[in-house]
Amino acid sequence: MSQTSRFRALVALSAALALEAPGALAGPRPVVPSLRVALPSHAGTAVRRAVLSARRRLAEQPCRSVLSDFSADGGRSLDRVLGDLGRSPEAHLDSLVFRDGSTRPRCASQAILAFTHVGGDTVYVCAGQFTRMAERDPVSADLVLIHEALHTLGLRENPPTSGEINARVAERCRG
Ligand SMILES: [Zn+2]
C-alpha cells in the first residue's frame, strides 16, 4: 500500500471513529460531582465553584494533611474520623449540604462568611458576604469552606482559636 493511500486510510479511520463515538477520541468525560448546594443564583454559583475548588485542594497534599493536624473529641485525628466513615475528603464534601444562612443571627456580622455545628452535615453560608469574598479572593472562599468542613468532622474551637485554624488551613491549602 502506498504511503498516500495508507495516509488516506488513517484519515478515513479517525473520521469513522469520530462519527461512531464522538467521545472516543477525546477519552473519558470528567466526572462532575453532584454537590448539595441549596443557595439561589449568584450565591449558589459562588458556593459551587468554591466547593469544587476546595474538593480539588483537599484531594492532594499538602492540603490533605490539614486533616491530621486537628482532632475531634476523644483525640481521633480528622483523617482517622474520615477513615472510620469510609470516606475520602472529596466524598465528605459531597455529602455536606450548603444552605443559605443569611437570615440567621450569625450572618448579621459581616465578619462571618459561613458557619456550621460541630459534627453537623450542613454548612450555612452568609450569601452576601461570601459571594463578595469569592469575587474578590476566590482562594480565601475555598479556605472558608475547608475550615467549616473540619468542624463537620468534629473539630471544636477554643482551643484552637478560629484564627489558628485559619492559619493552618492557609498554610496547608492556599498553594
Ligand atoms: Zn470555625
**Prompt:** Restricting the stretch 118-151 to residues that are under 18 Å from Arg56 (Cα atoms) and within 11 Å of the ligand (Cβ to nearest atom), which is nearest to the chain's Cα centre (by Cα)?
**Reply:** Ile146
**Asked** Of the residues Gly163, Gly175, which is more than 15 Å from the ligand (Cβ to nearest atom) and exposed (fewer than 15 other Cβ atoms within 10 Å of the Cβ)?
**Response** Gly175
**Item:** Conditions (1) of a type in the set (D, E, K, R); (2) open to solvent by 50 Å² or more (accessible area, probe 1.4 Å); (3) touching a strand residue (DSSP E or B) at 6+ places or on another chain (Cβ under 6 Å); (4) closer than 16 Å to Ser53 by Cα: number failed by Glu148
**Value:** (2)
**Prompt:** How many of the residues in the stretch 11-55 are out of contact with any strand residue (DSSP E or B) (no Cβ under 7 Å at 6 or more places or on another chain), open to solvent by 80 Å² or more (accessible area, probe 1.4 Å), in a helix (DSSP H, G or I) and modelled with pLDDT of 65 or more?
**Reply:** 4
**Fill in**
Result of the Cβ filter at 7 Å on the stretch 78-99, keeping first residues that are among the aromatic types (Phe, Trp, Tyr) and partners that are not in a strand (DSSP E or B), at least 6 apart or interchain, is Phe98/Leu39; Phe98/Val47; Phe98/Val51
**Of all residues making up the stretch 130-145, the number that are farther than 13 Å from Val169 by Cα, open to solvent by less than 20 Å² (accessible area, probe 1.4 Å) and not small (Gly, Ala, Ser)** = 2
**Item:** Output for the stretch 106-117, where each listed residue is over 17 Å from the mean Cα position of the chain (by Cα) and within 16 Å of the ligand (Cβ to nearest atom)
**Value:** Arg106, Cys107, Ser109, Ala111, Ile112, His117
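Test Arg80 against the criterion of being open to solvent by 50 Å² or more (accessible area, probe 1.4 Å), in a strand (DSSP E or B), away from the ligand (no atom under 16 Å from the Cβ) and in contact with a Ser or Thr (Cβ under 9 Å, 6 or more places away or on another chain), and give yes or no.
no
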**Asked** For Asn158, all conditions in the list (1) within 11 Å of the ligand (Cβ to nearest atom); (2) surrounded by 13 or more Cβ atoms within 10 Å (Cβ to Cβ); (3) not in a helix (DSSP H, G or I) hold save one; what is the number of the exception?
**Response** (2)
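The values are calculated or read from the model by the stated rules, or taken from the named source; none is laboratory data. None of the values given here were measured: they were computed from a predicted structure. Backbone-built Cβ (ideal geometry, glycine too); neighbour counts: all protein chains shown. For accessibility, only protein heavy atoms count, side chains too; no ligands or nucleic acids. Shrake-Rupley method; radii C 1.70, N 1.55, O 1.52, S 1.80 Å.
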